[in-house]
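Notes for the one structure printed next.
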Amino acid sequence: MKNLKALVSIVKLTESGAHIGLNPKKWSPKMAPYIHAKRSNNHVIDILKTIVFLDRAYKFVQEVIKNEGTIMYVGTRGKMIKDLVKNEATRSNSFYVTQRWLGGTLTNFNIIANSLKKFNDNLALINSEEINKYSKKEQLEIQKQTAKLEKFYGGIKNMRQLPDLIVVVDPINDLNAIKEARKLNIPVISLANTNADPDLIDYIIPVNNHSIKSVTLILGVLTDAVAELRNEPTKIVGKSDEEIVLPETRSWRQNRNNNNNQRYNNYRSQKNDKK
């Protein structure tokens, strides 16, 4: 730690809530080496270890890219996480999975490849004059089928072989992805809260992965590892705390009020349309 320059400052990590673990009742004793303290309502993650292990993961990402390897990002919990995963994967020209993990995505890739071929064939058909040879009903059926394939395979449609690394946001929620990667000896980088099993993770990053702000920082740094090698702009690494913008978050009460207001506005709009 003495000679290590933090990729993101302790101040910014703390601002993001990166150190806030889960309720002690939910903890995994295997995460004890990464925990700084215990409070009444939550464990406190050792943020210095977050910095050390983030640096380790960052360097491994660069090693994979230098060897012309590919990366798959996995994050299937909540809209904000899904959007973030998609954006960061796109920024690094990587694959991503944001919908429910389909069993065999890695371990039965030969079978998955058939679905990917069907998906890409449909896309080519829809964007060609050939589609006009089909009836309106057939065209609609092809579009429905393609939309369904897009939902699950959109992030891996160009994947021709297994990735060389997977980056997982939540090792509890996406445990099956990790298990498949381990069977195939694909290295795993994963954010890990205080309920995780570190034995399943090759490159652990102890951090609050329930906060969109801290996940934004961590994924941003990992993607910056790719950007730096390609001489592209970074979002987190090399930026001052003031330059790093974290997403706004709302409480459940604010979300409920916004939903109620939206429903009321829709009701008023429909009522006015009938007049």
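Is segment 160-169 home to any residue that is touching an Asp or Glu at 6+ places or on another chain (Cβ under 6 Å) and at pLDDT 95 or above? Yes; the residues of segment 160-169 include at least one that is touching an Asp or Glu at 6+ places or on another chain (Cβ under 6 Å) and at pLDDT 95 or above.
Filtered by the rule that a residue be assigned to a loop (DSSP other than H, G, I, E, B) and surrounded by 12 or more Cβ atoms within 10 Å (Cβ to Cβ), segment 104-147 gives GLY104, THR105, LEU106, THR107, ASN108, TYR134. Within segment 242-275, the set of residues being surrounded by 11 or more Cβ atoms within 10 Å (Cβ to Cβ) and at pLDDT 60 or above comprises ILE244, LEU246, PRO247, THR249. One residue stands out in segment 82-103 among those that are part of a helix (DSSP H, G or I), among the aliphatic types (A, V, I, L, M) and touching a strand residue (DSSP E or B) at 6+ places or on another chain (Cβ under 6 Å): the one that is farthest from ASN158 (Cα to Cα), namely VAL85. Within segment 206-224, being within 13 Å of LYS12 (Cβ to Cβ), of a type in the set (Val, Ile, Thr) and within 11 Å of the chain's Cα centre (by Cα) holds for THR216, ILE218.
Total residues in segment 94-109 satisfying the condition of being of a type in the set (S, T, N, Q) and either touching a residue at least 60 places away in the same chain (Cβ under 8 Å) or closer than 14 Å to GLU180 by Cα (or both): the figure is 4. If the condition is being farther than 20 Å from PHE60 by Cα, outside any helix (DSSP H, G or I) and under 15 Å from the mean Cα position of the chain (by Cα), then segment 148-192 contributes ILE172, ASN173, ASP174.
Out of THR70, THR50, which single residue is surrounded by fewer than 22 Cβ atoms within 10 Å (Cβ to Cβ) and not acidic (Asp, Glu)? Residue meeting the stated conditions: THR70.
Consider segment 174-189 and keep the residues that are in contact with a helix residue (DSSP H, G or I) (Cβ under 6 Å, 6 or more places away or on another chain) and more than 26 Å from GLU15 (Cα to Cα). The one that is surrounded by the most Cβ atoms within 10 Å (Cβ to Cβ) is ILE178. Return yes or no: is ALA18 part of a loop (DSSP other than H, G, I, E, B) and of a type in the set (Gly, Ala, Ser)? Answer is yes for this residue. Residues that are surrounded by fewer than 20 Cβ atoms within 10 Å (Cβ to Cβ) and free of Cβ contacts under 8 Å to residues at least 12 places away in the same chain: does segment 190-200 have at least one? Within segment 190-200, not a single residue is surrounded by fewer than 20 Cβ atoms within 10 Å (Cβ to Cβ) and free of Cβ contacts under 8 Å to residues at least 12 places away in the same chain.
A single member of VAL44, VAL11, VAL64, VAL52 is out of contact with any helix residue (DSSP H, G or I) (no Cβ under 7 Å at 6 or more places or on another chain), part of a strand (DSSP E or B) and either more than 30 Å from GLY155 (Cα to Cα) or in contact (Cβ under 8 Å) with a residue 40 or more places away in the chain (or both), and it is VAL44. Is there a residue in segment 222-233 that is under 13 Å from VAL169 (Cα atoms) and of a type outside the set (S, T, N, Q)? Looking for residues that are under 13 Å from VAL169 (Cα atoms) and of a type outside the set (S, T, N, Q), one finds at least one in segment 222-233, hence yes.
The values are calculated or read from the model by the stated rules, or taken from the named source; none is laboratory data. Not measured: the values here are computed from a predicted model. Counting neighbours? That spans all protein chains shown, and the Cβs are built from the backbone with ideal geometry, glycine included.
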